[in-house]
Amino acid sequence: MVEARTELFTVGVFQDVAWAAKGIDALKQAGFPADTMTILSKETPEAAGLIEKSLAAKGERIDAASVGAIVARGPLVAALQGSSRDLSKLGLAGTFRRAGFQAHDGRIFETLVGRGGVLVALVGEPRAADALAILHSYGGGNAAIGAWSGRI
């Protein structure tokens, strides 16, 4: 059975670290706090630097099924990992339902991250539409809002 979280996540995938940095800066300028953000990418020095600069902490290295080594930090990581630390077994495609997304969304996010994309997510329902608009405006492809609490 898939564990469901009650938080609402808004997710977009940027083509690379440079685009993600612009999007994250725009989110911060719009008043989104760093502790609501998640950054997840294939493990590279640039991605690790982006996480450290943007979130003021080092990312966690995780071996994710289908993608390989990723570096990530933020509230979405706990939702995807679950109590069994399932990213290593199920990958992004197999765990994204925990964040309120459909299975096909998880496969899309996994494919884009696997190709070098940088996934940026925000948690919080009150400004989800604002976050979605900013993600789209700054190149966050396949940006989407997960299911509202209780909808899974």
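Readers should treat all values here as calculations from the given coordinates under stated rules, not as data from a laboratory. Treat the numbers as computed from the prediction; the structure is a model and nothing was measured. When we count neighbours, we look across all protein chains shown, and the Cβ atoms used for this are built from the backbone with ideal geometry, even at glycine.
Taking square-rooted eigenvalues a ≥ b ≥ c of the alpha carbon gyration tensor, is segment 81-152 rounded, prolate or oblate, where a/c under 1.5 means rounded and, failing that, a/b exceeding b/c means prolate? Walk me through the numbers before you get to the answer.
On the way: a/c = 2.12, a/b = 1.22, b/c = 1.74.
Verdict is oblate for segment 81-152.
If the chain between K53 and A26 were fully stretched, how many nm would it gain, using 0.36 nm times the residue separation less the Cα-Cα distance? Provide the component values of the computation, followed by the final result.
Values: separation 27, 0.36 × 27 = 9.72 nm, distance 1.44 nm.
Between K53 and A26, full extension yields an extra 8.3 nm.
Under 22 Å from the Cα of K58, which lysines turn up, not counting those fewer than eight places away in the same chain?
K58 reaches K22, K28, K42.
So, in nm, how far is label S84 from label A129 when the simple model puts each one 7 Å beyond its Cα toward the Cβ?
Taking the two extended label points, one gets 3.8 nm.
Give me the one-decimal nm value for the distance between modelled label points at A18 and R61, 7 Å along each residue's Cα-to-Cβ direction.
Those two pseudo-labels are separated by 2.7 nm.
In square nanometres, what is the average projected area of the Cα convex hull of the chain?
Working: hull surface 30.3 nm².
Hull-based average projected area comes out at 7.6 nm².
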